[in-house]
Amino acid sequence: MQRYAGESLGDSPRIVVLGSCKVGNFVVSTPLLRGLKERWPDATMDFIGSAVTADFESNCPWIDWRCSWDSREASAGLDLLQTLEQRQNQCGPVSLAINLDGFNPVTQVVASWLRPLFIAGGTLTNDLRRTFPWGDLPQQRFLEEPDWDSPAFLKRHSSWLSTNSISELFCRLAWIDTDVHAIALSSTAPNFSVPDVLIHCTTARAAKVWPFAHWRSVIDACNHRDLSVGLVGSPPKAQQEAYNAGDGEDWLLQTTALIDLRGQTTLMELAGACRQTAAVVSVDAGPMHIAAAVGTPTLALVGNDADGTGASPIRLWLPRTRNLSRTVSPHSCDRCASNRFRNDGCLVEGHPCMSDVLPEQVIDWLSAVPGLQERWYAH
């Protein structure tokens, strides 16, 4: 096993990409997947991903075969080993493995199990006893650096990076030259009438949540103009247990004309709903990435100042698509960045980076969306 540095893999290599259980991670990996097929049109492209994102993985035009590394079954590890062995017997050895979730101990082990000729991203040595060396080139060694979101990181690597974007980092990790910001997703039409505006209020990291009272002002402004608003997300119980919804979403549903669409779509159907709606407003979470990928006017509701410093690592994760805009917080705070965004909740009393993003900023953006503008000002 060798560190990959752009070597030729022949005409028909077998390439295995390992993904994360995060929706946004899969979305931003699509430029890499497309770029791999551009470079090796006859490659066999396998994807070891997640049950969470299986819907997107199964419908990705650049993936020939997939399985999940995460399972709650007691025999999950053994089942995965058997599945990978069967695939190996069917398709032959792995020319290149690319681990896009390289700090996950599970994907590190799986990447090592594959016994690839070349490896990009985190893995273990063949005996599983230590981390496989990162390599000497900057496209390899950046993986051990802790500040990917910072301006200093981009300055250090400006000779081979044009942005901090994770989609570009994924491509450079594999020496792929493509449009690194051209994210794309397939979609399926949902089985309900899609509201004029879709919103997503919650996230697994509490520091990125916007006050629910602010959301109510936005919903009321839309309803006052006869614009319907739908709430998307996981089923209500999961929203409360894993995504910091508390009783905030229930309060919005009880006190406004908000339409509850939580848990009513697959990922493909959520992409279809985002494609059909006029606008999407979302905190920094998976639905924001999905909406940006399907081309709908999207507002990322983030607590970051004009320079990009704030609650979210937006230099790293915010999509670089023309249809996406973001809020700008008047409050500047680098506490999350200094903590490498490892904190769950806000580190400052009152959560000013998010709470100081007032509803008027969102309302002004909605009033300028081409698909809403005429109806907005008709009232």
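The residues of the stretch 353-372 that are in contact with a strand residue (DSSP E or B) (Cβ under 8 Å, 6 or more places away or on another chain), in a helix (DSSP H, G or I) and closer than 18 Å to L198 by Cβ, listed by number, are V362, W365, L366, G371, L372.
Working only within the stretch 226-264, note down all residues that are over 20 Å from the mean Cα position of the chain (by Cα), modelled with pLDDT under 95 and not charged (D, E, K, R). Once the filter is applied, which keeps residues that are over 20 Å from the mean Cα position of the chain (by Cα), modelled with pLDDT under 95 and not charged (D, E, K, R), the stretch 226-264 yields P236, Q240, G246, G248.
Of all the residues in the stretch 3-24, those that are under 18 Å from T178 (Cα atoms), buried (at least 21 other Cβ atoms within 10 Å of the Cβ) and not aromatic (F, W, Y) number 2.
A quick yes/no check of all residues on (1) closer than 30 Å to A285 by Cα; (2) at pLDDT below 95; (3) not basic (K, R):
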| residue | (1), (2), (3) |
| --- | --- |
| D55 | yes, no, yes |
| S71 | yes, yes, yes |
| R87 | no, no, no |
| I98 | yes, no, yes |
| V106 | yes, yes, yes |
| T123 | yes, no, yes |
| R129 | no, yes, no |
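Could you tell me whether D55 is under 18 Å from the mean Cα position of the chain (by Cα), closer than 30 Å to E269 by Cα and surrounded by 18 or more Cβ atoms within 10 Å (Cβ to Cβ)? Here the answer is yes, as D55 does meet what is asked. Have a look at A257, A242, A273, A206 and point out the one that is closer than 21 Å to D356 by Cβ, of a type in the set (G, A, S) and in contact (Cβ under 8 Å) with a residue 12 or more places away in the chain. Result: A206 is the single residue among A257, A242, A273, A206 that is closer than 21 Å to D356 by Cβ, of a type in the set (G, A, S) and in contact (Cβ under 8 Å) with a residue 12 or more places away in the chain. Could we say that A111 is crowded, with 22+ Cβ neighbours inside 10 Å and in contact with a strand residue (DSSP E or B) (Cβ under 7 Å, 6 or more places away or on another chain) here? Spelling it out, A111 is indeed crowded, with 22+ Cβ neighbours inside 10 Å and in contact with a strand residue (DSSP E or B) (Cβ under 7 Å, 6 or more places away or on another chain). Hey, any hits in the stretch 7-20 for a residue that's without any contact (Cβ under 8 Å) to a residue 60 or more places away in the chain, outside any loop (DSSP other than H, G, I, E, B) and touching a strand residue (DSSP E or B) at 6+ places or on another chain (Cβ under 8 Å)? Within the stretch 7-20, not a single residue is without any contact (Cβ under 8 Å) to a residue 60 or more places away in the chain, outside any loop (DSSP other than H, G, I, E, B) and touching a strand residue (DSSP E or B) at 6+ places or on another chain (Cβ under 8 Å).
Inside the stretch 184-234, residues that are part of a loop (DSSP other than H, G, I, E, B) and either surrounded by fewer than 22 Cβ atoms within 10 Å (Cβ to Cβ) or out of contact with any Pro (no Cβ under 9 Å at 6 or more places or on another chain) (or both) make up a count of 26. Of all residues in the stretch 64-111, those that are touching a residue at least 40 places away in the same chain (Cβ under 8 Å) and either in contact with a Cys (Cβ under 9 Å, 6 or more places away or on another chain) or among the β-branched types (V, I, T) (or both) total 9. Only a single item in (1) assigned to a helix (DSSP H, G or I); (2) touching a Pro at 6+ places or on another chain (Cβ under 8 Å); (3) not hydroxyl-bearing (S, T, Y) is not met by D149, and it is number (1).
To keep it simple, each residue is scored yes or no on (1) of a type in the set (G, A, S); (2) surrounded by 14 or more Cβ atoms within 10 Å (Cβ to Cβ).
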site: D305; (1), (2): no, yes
site: I314; (1), (2): no, yes
site: R326; (1), (2): no, yes
site: D334; (1), (2): no, no
site: A337; (1), (2): yes, yes
site: D344; (1), (2): no, no
site: V357; (1), (2): no, yes
site: V369; (1), (2): no, yes
site: E374; (1), (2): no, no
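The values are calculated or read from the model by the stated rules, or taken from the named source; none is laboratory data. Predicted, not measured: the structure shown is a model, and the values here were computed from it. Reconstructed Cβ throughout: ideal geometry from the backbone, glycine too, with neighbour counts over all protein chains shown.
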